[in-house]
Amino acid sequence: MSVKTAEYVPLTVKEKCVRCLKGPNLIRSLILLVCFVLVVEQLTSCVQKIIRIPITTYTHFEFNKTLLYPSLTFCREPPYKYNQLAKYGMYVHPYYTSTWRNFDFDNVSLDAFWEDVTYKHDDIFVVYGLDGESTNIQPKSVDSLKHGRCYTLEPSTLVTRASKTTGYSITLQHSVQDFGAFISLHPPGYHVFIHYKEEPFTEIEVHNAGLIDYLYIHSGEEIDVKLTVDQYFKLSDDDDPCTDDRNYSANLCATELVSRQVGAAVGCSGPWMHPATPRCGNYSAMKTLISSYMQQTEGPDFALGTCPRFCLSYLYNAFVVDRQRNYWWDGPSRAWAARSGEVALQTQMFIHFNSMMVSFYEERHNYDWNLFLSDLGGSVGFLLGLSVVSLMSIFGKVFSTVKEVAKSSKSTRDASSVANSTVKITEDDKPRRDRDADYVKKCKEWNARNERLDI
């Protein structure tokens with residue numbers, strides 16, 4: 001007795017989909033669909049982060065063995081010599097265009113005028129030193145319209161100790177005539193700009209350039225300033241580019257660019273500028289030049305990235321520890337004395353570090369391929385329960401299925417081709433078959449006659 005077994009009939013794709021939506025399979029299918037959507041969303045986020053890598057700022061502190069002091073730029077108030085300005089028929093600050101109305105452009109050189117009305121190095125400084133030596137400082141002059149001729153003291157050495165004796169010690173001076181001048185926008189004193197050595201002072205408001213701290217000290221004051229320093233390292237990108245070129249300065253770039261743009265637009269330049277255009281030769285041109293220049297200093301009009309900032313920069317923070325105005329320390333007598341005479345017109349400034357500690361702020365990319373693979377494996381493994389082994393098995397099954405489907409399709413095509421060719425051959429050989437049938441019929445008749453004769 002034989003038992004017949006039912007042949008296995010594989011389900012079609014449509015039948016499988018219908019089965020997934022019936023009974024308890026429906027809940028499982030919905031949960032799987034939600035997990036799949038979450039995986040796609042997380043993978044999209046990971047791909048976006050690997051395309052545009054996010055940046056994180058890391059902060060840490062270090063105690064350096066050496067320290068670089070900042071550059072100090074001093075701009076005097078009043079910025080111009082009032083008596084000398086009066087010689088040229090000018091009685092207010094050259095910032096105001098109306099004061100140039102009486103200037104003799106035909107007979108007076110603007111460069112000679114500038115040298116005559118601005119202050120020289122010895123008019124500002126009495127004495128200065130860094131770490132007890134004046135040779136550790138390099139003075140440089142900087143011209144500007146609002147501040148006249150300023151002077152920058154640049155450090156030329158590193159210090160190995162943080163104390164008042166190893167810092168800056170600077171004595172500045174004024175004259176009695178300064179207190180009767182009417183050209184100053186501030187009371188007699190000094191603007192002090194504290195900035196990184198590689199970024200010199202400029203009156204152009206460079207929004208993406210070096211970082212500057214600022215103090216104003218009045219004439220006759222003695223001021224003690226403590227310094228701290230922060231080091232910043234940023235990553236360059238298209239939205240906020242920066243450069244590592246040590247021979248480059250964003251402040252100088254912006255100053256030269258503004259001077260060229262204003263000079264080219266007006267057709268002339270002022271004595272505080274250093275473009276290739278000639279000096280202005282009449283009041284109308286000077287008025288237009290100053291108006292255009294001041295507009296550019298308050299908001300330079302050039303494309304972002306034209307003058308990128310440093311990727312590595314320093315911010316020096318100044319904190320006033322002590323400030324005296326009516327008394328000064330008399331070193332030889334070791335006593336406080338009331339200010340009088342020339343001492344009352346001198347300004348003493350001490351600026352120094354109290355610690356060798358430096359704060360670091362560093363930008364870093366906080367996403368890479370390792371994190372991408374980690375996120376990929378975590379999302380797929382947790383939500384879909386997949387691993388590398390299971391993925392390989394799935395890929396193998398898919399490959400086998402595709403291969404079988406292709407093989408089946410090929411067999412179907414071959415069978416169809418054979419059938420078509422058989423039919424074609426049969427139709428083409430019909431006359432020959434008819435002839436063969438007649439021959440067979442005749443043979444049968446001949447055999448039948450022979451059999452009767454034998455009987």
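The values are calculated or read from the model by the stated rules, or taken from the named source; none is laboratory data. Keep in mind the model is a prediction, meaning the values are calculated, not measured. When we count neighbours, we look across all protein chains shown, and the Cβ atoms used for this are built from the backbone with ideal geometry, even at glycine.
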> Of the residues that make up region 239-251, is at least one within 30 Å of VAL92 (Cα to Cα) and either at pLDDT 90 or above or touching an Asp or Glu at 6+ places or on another chain (Cβ under 9 Å) (or both)?
Replying inline: yes
> Applying the selection to region 93-124, what residues are farther than 21 Å from SER292 by Cα and assigned to a loop (DSSP other than H, G, I, E, B)?
Replying inline: ASP104, ASP106, ASN107, VAL108, SER109, THR118, TYR119, LYS120
> From the list SER313, SER292, which one is more than 27 Å from LYS197 (Cα to Cα) and at pLDDT 75 or above?
Replying inline: SER292
>> Exactly one condition in (1) under 24 Å from GLU199 (Cα atoms); (2) in a strand (DSSP E or B) is false for PRO79; which is it?
In response: (2)
> Tally time: how many residues in region 334-370 are modelled with pLDDT under 85, surrounded by 15 or more Cβ atoms within 10 Å (Cβ to Cβ) and either closer than 30 Å to GLN231 by Cβ or not assigned by TED's automatic domain parsing to the domain that holds ARG323 (or both)?
Replying inline: 1
> Residue check: is THR97 of a type in the set (S, T, N, Q) and either crowded, with 19+ Cβ neighbours inside 10 Å or on the phi > 0 side of the Ramachandran plot (or both)?
Replying inline: no
> What tally of residues in region 203-228 results from selecting those that are within 21 Å of the chain's Cα centre (by Cα) and modelled with pLDDT of 85 or more?
Replying inline: 1
>> Taking the conditions exactly as written (among the small types (Gly, Ala, Ser), surrounded by fewer than 21 Cβ atoms within 10 Å (Cβ to Cβ) and either in contact (Cβ under 8 Å) with a residue 12 or more places away in the chain or in a loop (DSSP other than H, G, I, E, B) (or both)), does ALA264 satisfy them or not?
In response: yes
> GLU133: under 17 Å from TYR69 (Cβ atoms) and loosely packed, with under 13 Cβ neighbours inside 10 Å, yes or no?
Replying inline: yes
>> Exactly one of these conditions fails for ALA254: (1) closer than 25 Å to LEU72 by Cβ; (2) touching a Ser or Thr at 6+ places or on another chain (Cβ under 8 Å); (3) modelled with pLDDT of 85 or more; (4) buried (at least 18 other Cβ atoms within 10 Å of the Cβ). Give me its number.
In response: (3)
> Applying the selection to region 126-142, what residues are in a strand (DSSP E or B) and β-branched (Val, Ile, Thr)?
Replying inline: VAL126, VAL127, ILE137, VAL142
> Any idea how many residues of region 97-108 are free of Cβ contacts under 8 Å to residues at least 24 places away in the same chain, within 45 Å of the chain's Cα centre (by Cα) and closer than 16 Å to SER269 by Cα?
Replying inline: 0
> If ASN247 satisfies every condition in (1) in contact (Cβ under 8 Å) with a residue 24 or more places away in the chain; (2) in a loop (DSSP other than H, G, I, E, B); (3) more than 17 Å from the chain's Cα centre (by Cα) but one, which is the exception?
Replying inline: (1)
> Is at least one residue of region 222-240 touching a residue at least 12 places away in the same chain (Cβ under 8 Å), basic (Lys, Arg), assigned by TED's automatic domain parsing to the domain that holds SER109 and in contact with a strand residue (DSSP E or B) (Cβ under 9 Å, 6 or more places away or on another chain)?
Replying inline: yes
>> It is to be established whether one or more residues within region 319-331 are within 30 Å of LYS49 (Cβ to Cβ), surrounded by 13 or more Cβ atoms within 10 Å (Cβ to Cβ) and either at pLDDT below 90 or in contact with a Leu (Cβ under 7 Å, 6 or more places away or on another chain) (or both).
In response: no
> Just checking, which of ASP131, ASP104, ASP123 is of a type in the set (D, E, K, R) and under 20 Å from PRO79 (Cβ atoms)?
Replying inline: ASP123
> From the residues in region 217-238 that are touching a Pro at 6+ places or on another chain (Cβ under 8 Å) and in a loop (DSSP other than H, G, I, E, B), which one is surrounded by the fewest Cβ atoms within 10 Å (Cβ to Cβ)?
Replying inline: SER236
>> Any residue at all in region 26-43 that's modelled with pLDDT under 80 and of a type in the set (Ser, Thr, Tyr)?
In response: yes
> Looking at region 232-241, which of its residues are out of contact with any Phe, Trp or Tyr (no Cβ under 6 Å at 6 or more places or on another chain) and either polar (S, T, N, Q) or over 13 Å from HIS365 (Cβ atoms) (or both)?
Replying inline: SER236, ASP238, ASP239, ASP240, PRO241
